[in-house]
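Here you go, one structure.
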Amino acid sequence: MVEHEIINTKGAVELLKDVFGIMTVREAEWIYREQWPDLYDPKPLTQLTAILQDTQRSQLLLEVLDRVLQAVDIVPHTKWVRGDKPFSQHERRTIIKRYDLDGKGKRTLEKISQEFGVTHQCVRQYEYMALRKLRQPDRTGLLRPFLRETVT
């Protein structure tokens with residue numbers, strides 16, 4: 001059996017919230033309470049919360065995220081379409097550590113920078129580029145079904 005690096009569903013849900021721009025209930029209520037009450041839709045957040053309670057969906061999410069985050073930088077001279085570049089090892093490791101996908105706790109930019117031997121600004125750029133790549137349509141297409149599933 002292959003042991004996966006991504007094992008924390010709670011971190012995976014946090015990552016999905018950032019990729020798709022979903023606010024927490026508290027954030028949404030604070031913003032929309034008085035100004036735009038008709039725009040508040042808690043359904044996507046409820047669906048993500050339901051993933052935490054469903055072992056089968058949790059496992060599927062972790063497997064899909066693991067596949068989406070695979071680093072394929074083994075072909076250095078390939079011409080990539082803008083935004084479709086694969087994740088570098090640093091980008092993948094940064095996302096895993098920042099979102100606690102490995103179940104070892106969220107790490108700060110400073111901790112990751114010490115581990116990589118680079119500045120925290122470099123780690124911030126790795127995180128930015130990884131999130132940008134995760135928001136590409138080919139990758140969000142694999143993750144979006146987790147938002148569309150009906151909550152039972």
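The values are calculated or read from the model by the stated rules, or taken from the named source; none is laboratory data. Treat the numbers as computed from the prediction; the structure is a model and nothing was measured. Cβ coordinates were reconstructed from backbone atoms using ideal geometry, including for glycine residues, and neighbour counts include every protein chain displayed.
Which residues, counting only those in the range 101-121, are more than 15 Å from G11 (Cα to Cα) and buried (at least 16 other Cβ atoms within 10 Å of the Cβ)?
Once the filter is applied, which keeps residues that are more than 15 Å from G11 (Cα to Cα) and buried (at least 16 other Cβ atoms within 10 Å of the Cβ), the range 101-121 yields L109, I112, S113, F116.
Taking the criterion of being at pLDDT below 90 and on the phi > 0 side of the Ramachandran plot, would at least one residue in the range 112-125 satisfy it?
no
Which of the following residues is surrounded by fewer than 13 Cβ atoms within 10 Å (Cβ to Cβ) and at pLDDT 60 or above: R93, R26, R82, R98?
Only one candidate passes the filter, namely R26.
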